[in-house]
Amino acid sequence: MYTVGQVAKFLNVSRDTLKFYEEKELVKPKQNSENGYRKYNHFDIYDITTVNFYREIDIEIKKIQELRKGKSLEGIQSLLEEKEQEVLEKIEYKKLLLKKLQVVKEDCEKIKQFLGVYAVKEMKPLEIKGEIEHYTAYDEYDTLKESTDSLKKAVILTSLRRVIRFNEEGILEDKFIIVRRVEDCDKAIEGEILSHPKCIYTVVEDGRWSTGGKNTDHKVEASLRKVAKEKGYELLGLVYINLLLTTYEDGLERIFLEIYVPIK
């Protein structure tokens, strides 16, 4: 027989946890009627380790209480298969987040290297998952979230690209698209593939810290036209804008955007 302290130390659980299990009748140690001390036998140890396992895989107390009353081996197997699927989905989402973290780390290097600098780069392939008709149509975000199961929570809004179509007279179209990077070995492509082998590429700073809240679209457009003219590039009438990073200084946001302008 074991004391509360011995069981707590042996199984690395707190006394409060053991008391909670007892209150929920998940373990029923014998109690000395004279001094009130509780004693655990090896069957109680099995109960506690089993409850710990179920709690570790995030099965709620009520469900564990039901299991205590009786559950067939097939029923337990079915329950474990459900939890297995939940865990696999969480792992996939964590992989997405890890990948996004790694991408943002790379984006920090892009800002250092290309802020205010114009270069010629390829815009690598992107799969289009959906679009928002106008870049201010925020009410369309929820609809797009529902239709893109592979992009969840925080991941989705960081996968937006602003697309501007223009000609010599001005802007013809301004919208957002939701995209997914296409990997070299990607076989799960369903949507339209977007890519441009040759673009003017730069990183610009936006946000109230640098602009005072003013719209800088025309200023950026003028700079791009100037670079294209100086280098002898022919613009194709498209601009793709991607949010790289948002940070803050003096309580105001600093927004860094990367810009791809397809050229001939």
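The numbers here are math on the coordinates, done by the rules we state, and not lab data. Since the model is a prediction, treat every value here as computed from it, not as a measurement. Every residue, glycine among them, receives a Cβ derived from its backbone with ideal geometry; neighbour counts consider all protein chains shown.
Simple spin-label estimate for Glu169 and Asp58 gives 5.5 nm between the two label positions (7 Å along the Cα-to-Cβ direction from each Cα).
Under 11 Å from a label point set 7 Å out along the Cα-to-Cβ vector of Leu236, the amide N atoms of segment 250-264 belong to 261-264. Subtracting the Cα-Cα distance of Asp217 and Glu66 from 0.36 nm times their residue separation leaves 48.2 nm of extension gain.
Computed over Cα pairs, the Kirkwood radius of the chain leads via Stokes-Einstein (1.567 mPa s, 4 °C) to a diffusion coefficient of 55 µm² per second.
May I ask for the net charge around Val204, where only other residues with Cβ less than 10 Å from the Cβ of Val204 are counted and Lys, Arg are +1 while Asp, Glu are -1? Walk me through the intermediate numbers first.
On the way: positive: Lys219; negative: Glu205, Asp206, Glu258.
Taking every Cβ under 10 Å from that of Val204, the sum is -2.
Select from the chain the helices, each a whole stretch of DSSP H, whose alpha-carbon atoms run 18 Å or more along the helix axis and whose Kyte-Doolittle mean is at least -0.5; answer none if there are none. If you can, show how the numbers build up before the last one.
Values: long enough: 42-56 (21 Å, -0.46); 73-114 (60 Å, -0.59); 217-231 (21 Å, -1.25).
Passing helices, by number: 42-56.
Applying 0.36 nm per residue to the separation of Ile76 and Lys124 and subtracting their alpha-carbon distance, the gain on full extension is 12.5 nm.
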